[in-house]
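The values are calculated or read from the model by the stated rules, or taken from the named source; none is laboratory data. Worth saying up front: this structure is predicted, and the values here are computed from it rather than measured. As a convention, Cβ positions derive from the backbone with ideal geometry for all residues, glycine included, and neighbour counts pool all protein chains shown.
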Amino acid sequence: MLTNDDLKNIATQVRRDLLRMIHAVNSGHPGGSLGCTDVITCLYFSAMEHDPKFNMDGKDEDIFFLSNGHLSAAWYSVLARSGYFPVSELASFRKLNTRLQGHPTPAEHIPGVRMASGSLGQGMSNAIGTALAKKLNKDTHLVYSLHGDGELQEGQIWEAVMYAAAKKVDNLISIIDCNGKQIDGPVDEVLSLGDLHAKFTAFGWKVLEMNGNNIPEVIDMLKIAKANTCKGQPIVILMKTEMGFGVDFMMGTHKWHGVAPNNQQLADALAQLPVTLGDY
Amino acid sequence: MRTYQKIGEKDTRSGFGEALLELGRNNSNVVALCADLIGSLKMDAFVKEFPNRFFQVGIAEANMIGIAAGLTIGGKIPFTGTFANFSTGRVYDQIRQCVAYSNKNVKICASHAGITLGEDGATHQIMEDIGLMKMLPNMVVINPCDFNQTKAATMAIAEHVGPVYLRFGRPKVPVFIPEDEPFVIGKALQLTEGKDVSIFATGHLVWKALEAVHILKEKGIEAELINIHTIKPLDNEAILNSVAKTHCVVTAEEHMMNGGLGDSIAQLLARKLPTPLEMVAVDDKFGESGTPDELMTKFGLDTVNVVEAVLKVIGRR
């Protein structure tokens with residue numbers, strides 16, 4: 001059983017990994033990846049029952065869908081650090097012939113990835129499908145999905161939100177990364193989502209909230225979410241995060257959504273994130 | 001070889017419905033999804049017998065495709081059902097990312113394809129769907145020609161592991177493929193033998209082409225009619241063998257010229273065996289309201305159009 005300090009150390013290493021991966025190819029999405037590093041780490045190293053000896057069907061395992069696929073660097077690092085594939089493979093991120101495509105895909109047979117994502121708004125539907133398959137298979141494990149808040153502007157999300165509540169898909173925990181930022185600026189300015197808590201409640205979901213950059217709180221809330229499954233309602237966690245969390249100059253702005261750090265910026269960032277597990 | 005003649009009249013979508021029920025009974029992993037068109041897709045019997053393996057998603061096709069893709073994780077074989085327009089154009093990106101690129105075992109089953117949808121008009125009459133689907137890597141594209149072939153195709157795609165687009169229609173049309181005719185994905189079915197012209201037809205145009213073959217025979221023209229039910233992967237060998245003998249080609253389909261069967265065959269022949277070719281298909285225009293028969297005539301998809309195309313292409317040989 002990992003302690004909160006252990007989890008924090010893993011998350012720090014994941015942040016180092018993803019910044020180095022993005023820097024190496026001068027492309028990728030550091031802002032949201034840094035913001036969601038803690039929750040992805042907590043899912044794979046604490047909350048989820050899963051097997052790094054990957055099989056596509058994932059029977060008798062919890063299953064995770066990254067709907068906001070541009071957070072690939074963070075997910076790849078967590079998968080590698082969980083034992084799905086060699087950590088050294090992180091160096092191939094976004095390079096020609098890599099299994100670690102810019103956005104995740106099972107097409108290159110990378111262990112841990114079951115569905116392509118990148119074109120936004122689709123992962124909740126996928127998660128519902130897998131949750132339904134689990135019910136048919138009498139598999140009591142859970143399905144998790146992670147979404148950006150800007151992603152909720154896609155109409156398909158609301159088709160899925162309506163379906164999950166109406167059909168009582170109660171083995172599903174969807175997490176919304178509420179960092180309030182998207183490419184063109186603050187979500188409230190681009191296209192405000194209004195009162196998300198009220199919206200999910202009105203659709204019939206059990207709504208929880210947490211600070212996604214506080215590991216003890218994330219661990220506790222994931223436990224509470226799990227305890228609320230199988231009660232006739234899907235669960236959503238509205239997760240406040242800070243885009244760029246862990247690197248002071250990347251926080252508080254949307255500018256680091258899809259921009260790679262240069263050499264000096266990488267050095268400044270890594271100085272704030274000490275090596276904990278060893279670099280790839 | 002076998003003689004193919006009319007043995008009844010039924011809609012192709014009923015062949016899909018019957019097969020789906022049979023699949024439900026034979027394979028507990030087969031599940032079905034529908035976007036508020038159970039009756040139109042002839043899914044009623046499956047829904048009644050297997051309520052736990054049926055998912056009514058409402059009028060939300062994007063979500064349906066996404067759920068279907070998710071259901072494959074855990075070993076299910078999902079069959080989605082809605083009109084061809086809402087099965088393809090409306091959900092192209094969902095199919096592209098979650099079904100084709102992710103290479104999921106989803107069967108996209110589309111009824112009311114083409115102009116024979118009839119009175120509802122152009123908003124519902126998609127004639128671009130074969131093109132849309134065949135451009136996607138990993139996707140198999142099938143357009144059966146009658147009730148029995150649709151039933152056989154539905155059974156066959158359950159055995160194929162990977163994404164499939166199965167396209168069928170609304171109206172009652174002649175049944176002429178015997179019930180026991182084997183259906184092999186990607187394998188053309190020769191209906192008549194002839195030396196003067198090769199006719200490659202798919203879907204509802206196969207019967208029209210068969211009628212045309214009889215008319216041509218009276219004119220002393222021996223036409224070889226080959227049913228291409230699988231547009232992708234195309235049976236290159238059957239096509240090239242026939243064309244090597246006849247040296248001229250007519251293609252016939254209820255689809256746009258752009259992106260359809262004729263377009264696939266023209267590509268193949270241009271590269272391997274350049275040959276005069278005429279297409280019976282819709283030439284870059286939207287449909288309109290009318291009865292299926294009226295529309296087939298107005299849009300040049302009738303028996304007479306196949307005959308005319310044959311006479312024209314023989315003249316070019």
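Determine which member of the set B:LEU273, B:LEU261 is assigned by TED's automatic domain parsing to the domain that holds B:LYS195, farther than 22 Å from B:LEU132 by Cβ and modelled with pLDDT of 95 or more.
B:LEU273
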Legend entry - Answer residue from region A:155-206, given it is among the polar types (S, T, N, Q) and farther than 22 Å from A:ASP38 by Cα and is farthest from the other protein chains (Cβ to nearest Cβ) among those: A:SER192
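If you check A:VAL259, A:VAL190, which single one turns out to be touching a strand residue (DSSP E or B) at 6+ places or on another chain (Cβ under 8 Å), closer than 18 Å to A:ASN68 by Cβ and of a type in the set (Val, Ile, Thr)?
A:VAL190
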Legend entry - Selection from region B:84-95 of residues that are out of contact with any Asp or Glu (no Cβ under 9 Å at 6 or more places or on another chain) and either buried (at least 24 other Cβ atoms within 10 Å of the Cβ) or at the interface with chain A (Cβ under 8 Å from one of its Cβ atoms) (or both): B:ASP93, B:ILE95
Inset, instruction - Return yes when A:ALA127 is among the small types (Gly, Ala, Ser), surrounded by fewer than 24 Cβ atoms within 10 Å (Cβ to Cβ) and at pLDDT 95 or above and no when it is not. - result: no
Inset, instruction - For region A:216-230, name all the residues that are under 15 Å from the mean Cα position of the chain (by Cα) and assigned to a loop (DSSP other than H, G, I, E, B). - result: none
Inset, instruction - Would you check which residues across region A:236-267 are hydroxyl-bearing (Ser, Thr, Tyr) and surrounded by fewer than 18 Cβ atoms within 10 Å (Cβ to Cβ) and list them? - result: A:THR253
Legend entry - Exclusive hit being closer than 26 Å to B:ASN29 by Cα and in the same structural domain as B:MET256 (by TED's automatic domain parsing), set B:PRO144, B:PRO182, B:PRO233: B:PRO233
Legend entry - Failed criterion for A:GLN233 (all others in (1) surrounded by 15 or more Cβ atoms within 10 Å (Cβ to Cβ); (2) in contact with a helix residue (DSSP H, G or I) (Cβ under 6 Å, 6 or more places away or on another chain); (3) assigned to a loop (DSSP other than H, G, I, E, B); (4) at pLDDT 95 or above hold): (2)
Inset, instruction - Give me a count of the residues in region A:85-116 that are at the interface with chain B (Cβ under 7 Å from one of its Cβ atoms) and among the hydroxyl-bearing types (Ser, Thr, Tyr). - result: 1
Inset, instruction - Within region B:126-147, track down each residue that is crowded, with 24+ Cβ neighbours inside 10 Å and of a type in the set (S, T, N, Q). - result: B:ASN143
Legend entry - Restricting region B:98-108 to residues that are within 7 Å of chain A (Cβ to nearest Cβ) and in contact with a Gly (Cβ under 7 Å, 6 or more places away or on another chain), the residue that is surrounded by the most Cβ atoms within 10 Å (Cβ to Cβ): B:CYS98
Inset, instruction - Could you tell me which residue of region A:135-154 is nearest to A:LEU34 (Cα to Cα), considering only residues that are surrounded by fewer than 24 Cβ atoms within 10 Å (Cβ to Cβ) and within 12 Å of chain B (Cβ to nearest Cβ)? - result: A:GLU154
Inset, instruction - Residues being of a type in the set (Gly, Ala, Ser) and surrounded by 22 or more Cβ atoms within 10 Å (Cβ to Cβ): count how many of those fall in region B:214-241. - result: 1
Legend entry - B:HIS112 being surrounded by 24 or more Cβ atoms within 10 Å (Cβ to Cβ), more than 8 Å from chain A (Cβ to nearest Cβ) and either touching a Leu at 6+ places or on another chain (Cβ under 9 Å) or farther than 28 Å from A:PRO106 by Cβ (or both): yes
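Sort out for me the strands (runs of 3 or more DSSP E) sitting completely within region B:91-177 that have 1 or more residues that are modelled with pLDDT of 95 or more and of a type outside the set (A, V, I, L, M).
Numbers: elements: B:107-111, B:140-142, B:164-167, B:172-175.
Correct list: B:107-111, B:164-167, B:172-175.
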